[in-house]
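Read through the structure below, which is laid out as C-alpha cells, and then see the notes.
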Amino acid sequence: MGLTLTEKILRAHLVDGEPVKGQEIGIRIDQTLTQDATGTMAYLEFEAIGVPRVRTERSVAYIDHNTLQNGFMNMDDHRFIGSVAKKHGIWFSRPGNGICHQVHLERFGIPGKTLIGSDSHTPTGGGIGMIAIGAGGLDVAVAMGGGAYYITYPQVVKVELTGKLSPWVAAKDVILEVLRRMSVKGGVGKVIEYVGEGVKTLSVPERATITNMGAELGATTSIFPSDEVTKSFLEAQGRGEVWSEQKADDDAVYDETIQIDLSALVPQAACPHSPDNVKTVAEIEAEHGGKLKIDQVCIGSCTNSSLLDMMKVAHILKGKTVHPDVQLSIAPGSKQVLNMMADMGLLSVMIDAGARILESACGPCIGMGQSPNSGGISLRTFNRNFLGRSGTKDGQIYLVSPELAAVSAITGFLTDPRELGDMPAFVLPDKFTVHDNMIVPPADEADMDSVEVLRGPNIKSYPETAPLEASITAPVSLKVEDNITTDHIMPAGAKILPLRSNIPEISKHCFTVCDEAFPERAKSLGKSIIVGGSNYGQGSSREHAALAPLYLGIKAVLVKSFARIHRANLINAGILPLTFVNEADYDTISQGDTLELADVRAKIEVGETQLTIVNKTTGKEIPVLCELTGRTKDIILAGGLLDYTREALK
C-alpha cells in the first residue's frame with residue numbers, strides 16, 4: 001500500500017511515536033519562523049529554556065505585524081527580536097522586508113522539509129511541498145532548542161483537481177470552494193493534500209494561496225506536490241539547488257476524497273462573518289436584490305499579495321479610476337514584490353488609478369489600519385472575516401480574489417470579474433529580483449556571547465506557572481457560545497498588538513469583545529473556569545489567547561470541542577482542557593456557578609480520561625473528558641510546557 005506525500009514527509013521526520021492515525025507523534029523540525037506579534041514571547045520562552053543557539057537547519061524571525069509604530073513599544077519589540085536573533089543563530093527579516101509567509105516561500109522554504117511557525121498561516125509553505133504547520137510560540141521555542149514537535153498523526157484528505165480555471169476565476173475561488181464543502185471545522189485532525197492533473201495548471205503563488213487559507217478549515221496543514229512548476233519557481237528565485245521532487249505514491253490510500261473540476265468553478269466570496277459562509281457572486285446579488293454596493297477594498301495579506309496577484313490587479317486598474325464611493329488600499333507581500341512592481345510599471349498604474357499603497361506588511365488583515373466605516377462593506381483578499389477583526393465592530397467583511405476585488409473597486413459594487421471579458425496570459429518572470437539586504441544573518445558562534453540583548457520597558461516575563469493542583473474548585477467566570485475565535489479571546493488591532501510582549505497589560509483586553517467586565521472579574525476571583533461551545537479557539541495561533549487567561553487565573557476551560565492549535569496552547573500554558581461527554585450538559589452550567597474537580601491531579605496521574613465535575617451551585621454531576629497522552633499529561637502535571645522542558649533538559 002503506497003503512501004501519501006504527507007505520510008512520506010512525516011515518517012521521514014518521525015522521532016517519537018508510531019505512524020498510526022489518531023495517535024500522537026513527535027517530528028523533527030527543520031525550519032521555524034516567528035512574526036513579531038508572537039515572536040517576542042517565543043524568544044523570551046527560548047531564553048528561559050536555556051539553549052544558547054538554535055538547533056534547527058534554519059530559523060527566521062520576521063517583523064510584519066506590529067509595524068504601525070505608535071509609541072515606543074513596537075520598535076522596542078523589534079530591537080529585542082533583532083538582538084535575540086543575532087545572538088542565538090536566527091536570521092532576522094527587518095521591518096519592510098515583507099510578510100513572513102510570502103518571504104519564506106520566496107527565500108527560505110524547501111520542498112520535503114518540515115516548518116513550524118508561530119502564525120496559523122504557516123501552511124503557506126505547503127505550496128512548495130513542505131509540511132508547514134502553525135503552532136504556539138512555546139512549541140516553536142522548543143523546536144528551536146532541538147525538541148520535537150508533537151501532533152496527532154493525521155488523516156489525509158485527497159483533493160483531486162481536474163480541468164483548468166476559467167478566465168478571471170482564481171485560486172482564491174478554489175479554497176473558498178473547499179471551505180464551502182468542508183466548513184471551518186471540517187479539517188480538524190486532517191491534512192489536505194492536493195493531487196490530480198489540475199495541479200499542473202496552478203503556479204506556486206496560486207498553490208500558496210490555497211494552502212495558506214487552508215488554515216481556516218482547522219486542518220493541521222495543506223500540501224501540494226513539488227514538481228516542475230515548483231522547480232521553475234525556485235530557479236527563478238535563484239534557489240534551484242534546493243528543489244526536489246515530492247509526490248505521493250501512485251497507489252497512495254487516502255481517508256477521504258474531494259473532487260473539484262477547476263473549469264466548473266465561478267467567482268465566489270466568503271460572506272460575513274465566517275470564511276466558510278461562501279456564496280457565488282450571483283447568489284449574493286440575488287440575496288440583495290441586485291449588485292451589492294461596497295465602501296472599501298483591501299488587496300494584500302499573506303493569502304493574496306504575490307507578484308502574480310499584483311500583475312492581475314494592475315491590469316484591471318490600468319487606465320481606470322477607483323469609484324468615488326470606494327477606498328482602495330494595496331499592500332504588496334514583500335520587498336521583492338514591491339521592487340518588481342516598481343520596475344514593471346505596475347506601481348504607477350495603481351497609484352494613477354487612486355489606490356493607496358501600503359507597506360509590505362500584514363496591515364489591515366490584523367486590524368492594523370484601514371478599518372472600514374461603521375457598518376461598511378469591505379471586500380478583502382484576506383483569509384479571515386471574523387466579527388470585529390477589521391477594527392470596526394459592525395464591519396461587513398467579504399473575502400474575495402484579487403481579480404474580484406480590483407474590478408469591484410472600479411465599479412463600486414461587488415462585481416463578477418468575468419464581466420471584464422478576455423483575460424490575457426499572466427506569466428511569472430524567469431528571474432525574480434533578489435536583493436536580501438533586509439535579511440540580517442546571525443552572529444557567528446564565536447561572536448554570539450558579545451551580542452547584547454536589548455530589552456525595552458514593555459517587555460515583561462512569562463506569567464508565573466505552578467504544578468497542577470490536587471483539586472480544583474472555582475467559579476465559572478465566563479460562559480461563551482460556539483465558534484469563539486482567538487480574536488474574541490485576545491483581540492488584535494493597533495491598540496492591542498503593541499502589548500503582545502506585556503502579558504499583565506494585554507490581559508486587560510482578554511475577552512472584552514464578549515464581555516468588557518471579564519478581565520477585572522477573573523482577576524478579582526483569583527482562579528476560575530471558562531465554559532464554551534464547539535470549535536472553541538479557532539483562528540490565529542496566538543498563544544496570548546492562553547497566556548492572558550493563565551495570568552488571569554483560569555485553571556480549566558470546559559467546552560464542547562476545541563480548535564487544534566488553541567487546545568495545544570492551553571496545555572502548554574498548564575490550563576486543563578476539558579470537553580463535555582454530553583454536549584447537552586453545556587446548558588446546565590451558568591456563569592457564576594462554582595465547579596469542583598475533586599482529586600483531579602491523582603486521577604490524571606493514573607491516566608483517567610473521564611472525570612466528573614460537580615456543579616456545587618446546582619448539585620449536578622457532569623462527566624467530562626480530559627484526553628491527555630503521556631507527554632501532554634506530564635506537561636499539565638508540571639504546570640506547562642516551559643516547566644516540563646526545563647525539567648527535561650536538566
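The values are calculated or read from the model by the stated rules, or taken from the named source; none is laboratory data. On a predicted model such as this, the values are computed, not experimentally measured, just so you know. Please note: Cβ atoms are built from the backbone with ideal geometry, for glycine as well, and neighbour counts cover all protein chains shown.
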Practice task
With the checklist (1) part of a loop (DSSP other than H, G, I, E, B); (2) without any contact (Cβ under 8 Å) to a residue 40 or more places away in the chain; (3) of a type in the set (V, I, T) in hand, flag the one item V229 doesn't pass.
Solution key: (1)
Handout entry: Positions within the range 368-386 being over 19 Å from V407 (Cβ atoms) and within 17 Å of the chain's Cα centre (by Cα), in sequence order
Key = M368, N383, R384, N385, F386
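I'd like the full set of residues that are more than 30 Å from the chain's Cα centre (by Cα) and surrounded by 15 or more Cβ atoms within 10 Å (Cβ to Cβ), limited to the range 439-478. Please lay out each step first, then the result.
Initial filter on the range 439-478 (more than 30 Å from the chain's Cα centre (by Cα)): 444-452, 469-475.
Across the range 439-478, the qualifying residues are M448, V451, E469, I472, T473, A474, P475.
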Handout entry: the range 587-645 - residue that is part of a strand (DSSP E or B) and not hydrophobic (A, V, I, L, M, F, W, C) and, of those, nearest to L478 (Cα to Cα)
Key = T594
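A quick yes/no check of all residues on (1) touching a helix residue (DSSP H, G or I) at 6+ places or on another chain (Cβ under 7 Å); (2) at pLDDT below 95; (3) part of a helix (DSSP H, G or I); (4) closer than 19 Å to L138 by Cα:
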position: T6; (1), (2), (3), (4): no, no, yes, no
position: L10; (1), (2), (3), (4): no, no, yes, no
position: G22; (1), (2), (3), (4): no, yes, no, no
position: T40; (1), (2), (3), (4): yes, yes, yes, yes
position: V51; (1), (2), (3), (4): no, yes, no, yes
position: V60; (1), (2), (3), (4): yes, no, no, yes
position: N66; (1), (2), (3), (4): yes, yes, no, no
position: D77; (1), (2), (3), (4): yes, yes, yes, yes
position: F80; (1), (2), (3), (4): yes, no, yes, yes
Fill in the blank from the handout: Going through the range 535-554 in order, the residues found to be surrounded by fewer than 24 Cβ atoms within 10 Å (Cβ to Cβ) and under 19 Å from the mean Cα position of the chain (by Cα) are N535
Practice task
Go through the range 336-385 and give me each residue that's surrounded by 24 or more Cβ atoms within 10 Å (Cβ to Cβ), hydroxyl-bearing (S, T, Y) and in a loop (DSSP other than H, G, I, E, B).
Solution key: S360, T381
Practice task
Write out, first by first residue and then by second, each pair whose Cβ atoms fall under 8 Å of each other, whose residues are 6+ apart or on separate chains, and whose first residue, in the range 609-626, is in contact (Cβ under 8 Å) with a residue 60 or more places away in the chain while the second is of a type outside the set (A, V, I, L, M).
Solution key: K616/T473; K616/D593; K616/T594; K616/E596; V624/T579; V624/F580; V624/Q610; V624/T612
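Would you say E216 is surrounded by fewer than 24 Cβ atoms within 10 Å (Cβ to Cβ), outside the structural domain of R631 (by TED's automatic domain parsing) and of a type in the set (D, E)?
On the way: surrounded by fewer than 24 Cβ atoms within 10 Å (Cβ to Cβ): no; outside the structural domain of R631 (by TED's automatic domain parsing): yes; of a type in the set (D, E): yes.
Taking the combined requirement at face value, the residue does not satisfy it.
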Handout entry: Those residues of the range 378-396 which are out of contact with any helix residue (DSSP H, G or I) (no Cβ under 9 Å at 6 or more places or on another chain) and over 16 Å from K279 (Cα atoms), in sequence order
Key = T392, K393, D394, G395
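If I go through the range 363-383 residue by residue, how many of them are within 25 Å of H104 (Cβ to Cβ) and either at pLDDT 95 or above or among the β-branched types (V, I, T) (or both)?
Going through the range 363-383, the residues within 25 Å of H104 (Cβ to Cβ) turn out to be 363-370, 380-383.
From what's left, either at pLDDT 95 or above or among the β-branched types (V, I, T) (or both): 366, 380-383.
Adding up the residues that qualify gives 5.
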Completion exercise
Going through the range 564-609 in order, the residues found to be touching a Pro at 6+ places or on another chain (Cβ under 9 Å) and of a type in the set (F, W, Y) are F580
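Tell me, which strands (runs of 3 or more DSSP E) wholly within the range 239-325 include 2 or more residues that are acidic (D, E) and in contact (Cβ under 8 Å) with a residue 24 or more places away in the chain? Working first, answer last.
Working: elements: 256-261, 268-270, 278-280, 296-299.
Because the criterion is at least 2 residues that are acidic (D, E) and in contact (Cβ under 8 Å) with a residue 24 or more places away in the chain, the strands (runs of 3 or more DSSP E) in the range 239-325 that meet it are 256-261.
If we keep just the residues of the range 175-191 that are of a type in the set (A, V, I, L, M) and assigned to a helix (DSSP H, G or I), which is surrounded by the most Cβ atoms within 10 Å (Cβ to Cβ)? Give the derivation first.
At the first step, the residues of the range 175-191 found to be of a type in the set (A, V, I, L, M) are 175-176, 178-179, 182, 184, 188, 191.
Those still in the list that are assigned to a helix (DSSP H, G or I) too: 175-176, 178-179, 182.
Numbers: I175: 30, L176: 27, V178: 26, L179: 24, M182: 23.
It comes out as I175.
Give the number of residues within the range 471-496 that are among the charged types (D, E, K, R), over 14 Å from V531 (Cβ atoms) and in contact (Cβ under 8 Å) with a residue 24 or more places away in the chain. Steps first, please.
Residues of the range 471-496 that are among the charged types (D, E, K, R), as a first pass: 479, 481-482, 487, 495.
From the residues that got through so far, the ones that are over 14 Å from V531 (Cβ atoms) too are 487, 495.
If we keep only those that are in contact (Cβ under 8 Å) with a residue 24 or more places away in the chain as well, we get 487.
Looking only at that region, the number is 1.
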Exercise for the section: Please state which one of K620, K603, K616, K650 is more than 30 Å from T122 (Cα to Cα) and modelled with pLDDT under 95. Expected result: K650
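Of all residues in the range 84-107, count the ones that are surrounded by fewer than 24 Cβ atoms within 10 Å (Cβ to Cβ) and outside any strand (DSSP E or B).
Of all residues in the range 84-107, those surrounded by fewer than 24 Cβ atoms within 10 Å (Cβ to Cβ) come to 86-89, 91-92, 94-96, 107.
After this cut, where a residue has to be outside any strand (DSSP E or B) as well, the list is 86-89, 94-96, 107.
Residues meeting the conditions: 8.
Is it the case, given these coordinates, that G98 is touching a Pro at 6+ places or on another chain (Cβ under 9 Å), among the small types (G, A, S) and closer than 30 Å to P225 by Cβ?
Values: touching a Pro at 6+ places or on another chain (Cβ under 9 Å): yes; among the small types (G, A, S): yes; closer than 30 Å to P225 by Cβ: yes.
Yes.
Applying the selection to the range 479-498, what residues are surrounded by fewer than 18 Cβ atoms within 10 Å (Cβ to Cβ) and at pLDDT below 90?
Our first condition is that a residue be surrounded by fewer than 18 Cβ atoms within 10 Å (Cβ to Cβ); within the range 479-498, this holds for 481-482, 494-495.
Residues satisfying the conditions are A494, K495.
Here is a check on your reading of the model: is T465 touching a residue at least 40 places away in the same chain (Cβ under 8 Å), β-branched (V, I, T) and under 30 Å from I63 (Cβ atoms)? First the steps, then the outcome.
Numbers: touching a residue at least 40 places away in the same chain (Cβ under 8 Å): yes; β-branched (V, I, T): yes; under 30 Å from I63 (Cβ atoms): yes.
Answer is yes for this residue.
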Completion exercise
For the range 24-38, the count of residues that are within 21 Å of R646 (Cβ to Cβ), of a type in the set (A, V, I, L, M) and either over 20 Å from the mean Cα position of the chain (by Cα) or at pLDDT below 95 (or both) equals 0
Practice task
Looking only at the range 13-59, count how many residues are surrounded by fewer than 18 Cβ atoms within 10 Å (Cβ to Cβ) and over 22 Å from H104 (Cα atoms).
Solution key: 15
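If a residue has to be part of a loop (DSSP other than H, G, I, E, B) and in contact (Cβ under 8 Å) with a residue 24 or more places away in the chain to count, how many in the range 386-408 make the cut?
Total satisfying the criteria: 9.
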Exercise for the section: Within the range 192-202, identify whether any single residue is touching a residue at least 24 places away in the same chain (Cβ under 8 Å), surrounded by 21 or more Cβ atoms within 10 Å (Cβ to Cβ) and within 25 Å of S534 (Cβ to Cβ), and answer yes or no. Expected result: yes
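Just name the residue that is farthest from G376 (Cα to Cα) out of those in the range 409-465 that are part of a loop (DSSP other than H, G, I, E, B) and hydroxyl-bearing (S, T, Y). So that I can check it myself, show each step before the final result.
Here is the first cut: in the range 409-465, the ones part of a loop (DSSP other than H, G, I, E, B) are 412, 414-416, 421-438, 441-447, 451-465.
With hydroxyl-bearing (S, T, Y) added as a condition, the list becomes 415, 433, 461-462, 465.
On the way: T415: 17, T433: 38, S461: 39, Y462: 39, T465: 43 Å.
Here the answer is T465.
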Exercise for the section: Would you check if there is a residue in the range 519-535 being assigned by TED's automatic domain parsing to the domain that holds D587, assigned to a loop (DSSP other than H, G, I, E, B) and touching a helix residue (DSSP H, G or I) at 6+ places or on another chain (Cβ under 7 Å)? Expected result: yes
Problem - Condition check for L138: at pLDDT 95 or above, crowded, with 24+ Cβ neighbours inside 10 Å and part of a helix (DSSP H, G or I) - result: no
Exercise for the section: Starting from residues that are under 30 Å from N483 (Cα atoms) and of a type in the set (V, I, T), keep the ones in the range 231-288 and report whichever is surrounded by the fewest Cβ atoms within 10 Å (Cβ to Cβ). Expected result: T257
